[in-house]
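Below is one structure, written out as structure tokens, with a few remarks after it.
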Amino acid sequence: MSPAAGYLLRRLLGGVCLLAAASSCAYLLCAAVLDPRGNYQAMSPPPPPEAVSRMLAENNLDPEAPPAERYLVWASGVLTGDLGRTWDGRDVSEELLLRAGASLRLLAAGAVVGAVGGVAAGAWAGSRGGRWDTAAAAGAALLLAVPPVVVALVLQTLAIALNRSAGGVLLPAVGEPDAGAPPGDVLAHMILPTLALALPLAAVFSRYQRALMADEVRSDYVRTARAKGLRRGRALRAHALRSCLAPTAAYFAYTTAALFTGAVFAEKVFGRYGVGEMLIDAIEAGDTNAAAAVCVFGALCVTVAGFAADAVRVALDPRVRA
Amino acid sequence: MLSAVLLAASACTGGTQNEQRTAASAEAADINAADRDELADGGTLEWGINEFPAQWNPHHADGNLATVHTVMDALLPTPFEPGPDGDARPDPDYVLGADLRRDGGGQVLTLELNPEAHWSDGTPITWKDYRATAEALAGGADGYKVRGEVGYDRIASVERGADRFEAVVSFDEPFSEYPSLFDPLLPARYAGDPDSFDTGYLEDVPLTAGPFAFAGMDRKRRTVTLERSADWWGDPAKLDEIVFRTMDGEALTTSFLEGGVDAFELPVDAAAFERASSADGGEVRTALGPDYRHITLNGESPALSDVRVRHALFLGIDREALTDAALEGVDWSAEPLGNHFLLEGLPGYTDNSGEWGERDTDRAAELLDEAGWKAGDGGTRTKDGEPLALRYLVPRGHAPAQSEAEMVQAMLEEIGVAVEIEPVGGDELFSRYVLPGDYDLVSFVNTGGDFPVSASLPQWASPAGGAEGSGGGEGSGGAGEPDWRSNVGRISSPEIDAAMEEALAAPDAEAATAAVNEADRLLWEAGHTLPLYQRPQLMAARTDLANIGAPGFRPLDYADIGYLKKG
């Protein structure tokens, strides 16, 4: 086995252990604090408490049962791919699969737009300096200071104003496109939620990339490359950018968790039915199985992103391969 | 912050307009009523809903949700409908005649079914469907996961009459609210055994019998689509299609502004009301709704076990101020509600608050003195060195509840009662605090309606297994701890039980109303739960949509919903 493959295999094993630990912690935490009995008490008239306990126990959701006991039932199910049932009888695995597509599309679009945009903006600002650099720094600081949910709401408000002045729906501010909608419409519905995810991410990346880039611009090898006759732009792209993408890729893995959190709010604000929306609803309903399932999904995404970042690092940085 | 500003703005302008609005529509619905021939044939209604239920069987314990009723009312049969004077009468689409007779200690209800009525698979609706529904809902003992509705336990049998289109329902005991039964009726195939009852309507609607038919459910986009039923035997639906679309409350308003959803029910919330009202080509329709807000007092908490203290709180709270503060933001005004069972707009509504309905701080002070809570230097009254301090639970993050509690806090401070507001998670408010009796004060909403006793009996009834105790503080621990179930106020008396029983068993409407009001008077005397105000029902709708909106106590006729003809 090549050293690079060995390295990746070790990272993969670590990721799987981390995934199991994170999922178990998430379940136990959910089981300890969430209580689905409120769903029945809000009904009029509410069913008798014994009946509620009995019905919840059928789905391994009875908060009276000890969390450790419920955890064993849940974990043995998870190993076979069965994430249990929601308080009102939905199959959680099925529901998660149904929503995962929507979330992954949004997460992927947000991650790509955010990372590429951020790296580009940072590299540009770092190599440019001066007034543009200051403006980029101010913009990034503003985006970083504002909670992602506010970014989403501001974007939505602007879109509503735009649509109003245009007298039609230019930029859909809420909802999913209909089944069989033309690709243009599907794309239009993606714009705002993608931006809401991408902007805060781009802000982080641009600062990080700018700092790296500013160092590289002054580095000896870039000076050498220029002395050999390479133009400034080409020297930066061919040498400086490549060597600072490796740390950025590693950093990307750690931002996935933040991206996931951002998606939770973006989905709620823009009325999209992804796993983030499922998490908020699950917590409101006190539904341990559904909430834990989303946490498992989130942990899986972070693990996969971490592994992908490792793979990119192996490709970019020969020292890792050695 | 924003809602506070909006609230203040409408408070300045709303005054006289409010009075006109309530006066004009207090007893009526606000649904832009139009005759069927004024409506265009066809069109799609996008109806916004704020939850996407899994269980669509309205009698299932998991299916007792407002959204389930909103959708299934278009699809499943109901034998009775309210007549013009508010009394129930048979709905001729399903039942041609109903005859009620007293029989010894019980009663016999004979329903003459419409032979044209049938399920969407072609099988006729017969007495067997009634029998299956009644047997399924009679109790949860045999594995049916039911809500525990009042009345089915009184049914002795459902039998075939002269032919299969005559159902003879025999009751062990009289039941005056019998038109609340079979709302809706389930097909025998899905009521016949616990498993079909449980899974038949789970994420599916297999059988219907209404003006609309089930056309599909998109679980990915969270929509439910209904289409005009081709084999409906009544007046055909005006709309081609109703698409129920699920979104969060805020997102629904945005979608309405953007021309997405055409109608949706609004919360009683100033910010949402202002936003929805500003829509081009849209409006908010308002009528008195079938529910009310109240403050429940825990009759078993040490300070509140004394009825004099509870009455002092009743007198210390300015219900009018709470009502105005809650409703001015949605351009509505109401008088405080004077009844625990009957709501304004229902026949027989009487204000039974008597001496406990108006604010009277002097009298409140007297009562507290009598109860031994003496005014001290610190402002808060004390008894045996203990301050009179109460915990008021509010769901965390719910601004209207928080400001309501703050107003109550300020009002009660004036009579020397300290109130500590304790925000708790919405999901644990009931299960961890209110049901186990770990609270002093809490506010929530009660649903009333045409069948006042059926709707709320468990909330006022004696604990299971004996009718002893009337809010006594002595019930502390021990094997004989009473099971209060939904009576979260933990106050009861044999007299209240008897009056409610009398109302259910009354031979006619007049006697039933008298008994209901007697039960209510006893609740006021017992200091059980302070009703605040009847809430308005708010529905945002496109201005050209007719026969939909806030229907008040009447159900919507889905076949008549439609768009007005142009010009």
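The values are calculated or read from the model by the stated rules, or taken from the named source; none is laboratory data. Since this is a predicted model, take the numbers as computed values, not measurements. Methodologically, a virtual Cβ is constructed for each residue, glycine included, from the backbone with ideal geometry; neighbour enumeration extends over all protein chains shown. Surface accessibility is based on the protein's heavy atoms, side chains included, excluding ligands, DNA and RNA. Shrake-Rupley method; radii C 1.70, N 1.55, O 1.52, S 1.80 Å.
Tabulated data
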item: Pairwise FRET efficiency - A:Thr261 versus A:Ala32, Cβ, R0 = 25 Å, nearest 0.05; result: 0.75
item: Kirkwood Rh, angstrom, the protein assembly as shown [1 / mean 1/r, Cα pairs]; result: 30.5 Å
item: Using alpha carbons only: equivalent-ellipsoid semi-axes of chain B, gyration tensor based, whole Å; result: 41, 31, 21
item: Computed accessible area, B:Met407, all protein chains, 1.4 angstrom probe, square angstrom; result: 60 Å²
item: Gyration tensor (alpha-carbon) shape descriptor, the range B:107-189, a/c threshold 1.5; result: oblate
item: Efficiency of FRET from Cβ geometry, B:Ser277 and B:Thr70, R₀ 30 Å, rounded to 0.05; result: 0.85
item: Cut-off under 5 Å, modelled amide H: who pairs with B:Gly97 long-range; result: B:Glu112
item: Rule-of-thumb Rg ratio for the range A:83-237 [Cα; 2.2 N^0.38 Å; N residues]; result: 1.40
item: 10 Å beta-carbon shell around B:Gly379, net charge (K/R +1, D/E -1); result: -2
item: For residues of B:420-432, the mean tally of beta carbons on other chains within 10 Å; result: 5
item: Under the Debye formula (equal points on every Cα, no solvent term), log10 I(q)/I(0) of the range A:20-169 at q = 0.09, 0.15 Å⁻¹; result: -0.58, -0.97
item: Relative contact order for chain B, counting Cα pairs under 8 Å that sit 6 or more residues apart, in percent; result: 21 percent
item: Relative contact order of chain A, defined on C-alpha pairs under 8 angstrom at six or more residues apart (%); result: 29 percent
item: Label-to-label distance, nm, for residues given as B:Thr199 and B:Thr380 (7 Å Cα→Cβ offset); result: 5.6 nm
item: Solvent-accessible area, 1.4 Å probe, carbon plus sulfur percent, for chain A; result: 69 percent
item: Alpha-carbon Rg with Dmax, taken over the range A:255-322, Å; result: 15.8, 51
item: Probe 1.4 Å, all protein chains present, accessible-area order of A:Leu12, A:Leu97, B:Leu441, largest first; result: A:Leu97, A:Leu12, B:Leu441
item: Taking all pairs of distinct alpha-carbon atoms in the range A:194-313, Kirkwood radius in angstrom; result: 16.7 Å
item: Rounded percent of accessible protein surface that carbon and sulfur make up, the range B:329-381, 1.4 Å probe; result: 41 percent
item: Among the listed pairs A:Lys268/B:Lys220; A:Lys268/B:Lys145; B:Lys128/B:Lys238, those beyond 21 Å (Cα-Cα); result: A:Lys268/B:Lys145; B:Lys128/B:Lys238
item: Cα Rg, Dmax (largest Cα-Cα span) when computed across the range B:258-365, Å; result: 18.1, 55
item: Computed over the range B:234-280, the ratio Rg/Rh where both radii use C-alpha atoms and Rh is Kirkwood; result: 1.07
item: Loss of accessible area when B meets A, both sides summed, Å² nearest 100, probe 1.4 Å; result: 3900 Å²
item: Kirkwood-based shape ratio for chain A, expressed as Rg/Rh from alpha carbons; result: 1.06
item: Cα-derived Rg to Rh of the range B:150-197, Kirkwood definition; result: 0.98
item: Part-to-part distance (alpha-carbon centres) for the range A:132-200 and the range B:508-567, which is given in Å; result: 41 Å
item: Distance-filtered residues of the range B:179-223 - backbone nitrogen under 13 Å, label point 7 angstrom along B:Trp233 Cα→Cβ; result: B:209-211
item: Residue-averaged [θ]222 nm for chain B, counting only DSSP H segments that reach four residues, each worth -39500 (n - 2.57); result: -8000 deg cm²/dmol
item: Volume per residue that the Cα convex hull of the range B:167-238 spans, once the total is divided by residue count, Å³; result: 153 Å³
item: Normalised per residue, the volume of the convex hull around the Cα set of the range A:126-192 (Å³); result: 134 Å³
item: Within 10 Å of each Cβ in B:211-219, the average number of Cβ atoms from other chains; result: 1
item: Averaged over B:244-252, number of beta-carbon atoms from partner chains that fall within 10 Å; result: 5
item: Difference of contour (0.36 nm per residue) and Cα-Cα distance, B:Asp35 to B:Glu406; result: 128.9 nm
item: Solvent-accessible area per residue for the range B:34-82 (1.4 angstrom probe, square angstrom); result: 27 Å²
item: Highest-first arrangement of A:151-163, B:92-104, where packing means the average Cβ count within 10 Å; result: A:151-163, B:92-104
item: Cα convex hull of the range B:72-216, projected area averaged across orientations, nm²; result: 8.9 nm²
item: Square roots of 5 times each gyration tensor eigenvalue, C-alpha, the range B:474-558, largest first, Å; result: 37, 20, 12
item: Distance (nanometres) between label positions extended 7 Å along Cα→Cβ at B:Glu166 and A:Leu142; result: 8.0 nm
item: On Cα atoms only, tilt of A:275-285 relative to the major axis of chain A in degrees; result: 40 degrees
item: Rounded tilt (10° steps) of B:127-137 against the dominant C-alpha axis of chain B; result: 30 degrees
item: Taking the range A:172-322 and dividing mean pair separation by its residue count, relative contact order in percent (alpha carbons under 8 Å, at least six apart); result: 26 percent
item: Reciprocal of mean inverse Cα separation for the range B:155-279 (Kirkwood radius, Å); result: 18.5 Å
item: Globularity ratio of the range B:192-347, using Cα Rg and 2.2 N^0.38 Å; result: 1.48
item: Set of lysines with alpha-carbon distance to B:Lys374 below 29 Å, sequence-local pairs under 8 removed; result: B:Lys383
item: Residue-level accessible surface for B:Asp231, protein heavy atoms, 1.4 Å, Å²; result: 80 Å²
item: Between helix A:288-316 and chain A: long-axis angle, C-alpha atoms, 0 to 90°, nearest 10; result: 20 degrees
item: Residues of the range B:346-437: accessible area per residue with a 1.4 Å probe, Å²; result: 50 Å²
item: B:Ala498-B:Thr350 FRET efficiency (beta carbon distance; Förster radius 22 Å; 0.05 resolution); result: 0.70
item: Lys/Arg +1, Asp/Glu -1 at C-beta; the range B:154-235 dipole; positive extreme among B:Ala167, B:Leu181, B:Pro211; result: B:Pro211
item: Peptides ranked, highest mean first, by Cβ atoms within 10 Å: ranges B:315-325, B:331-341; result: B:331-341, B:315-325
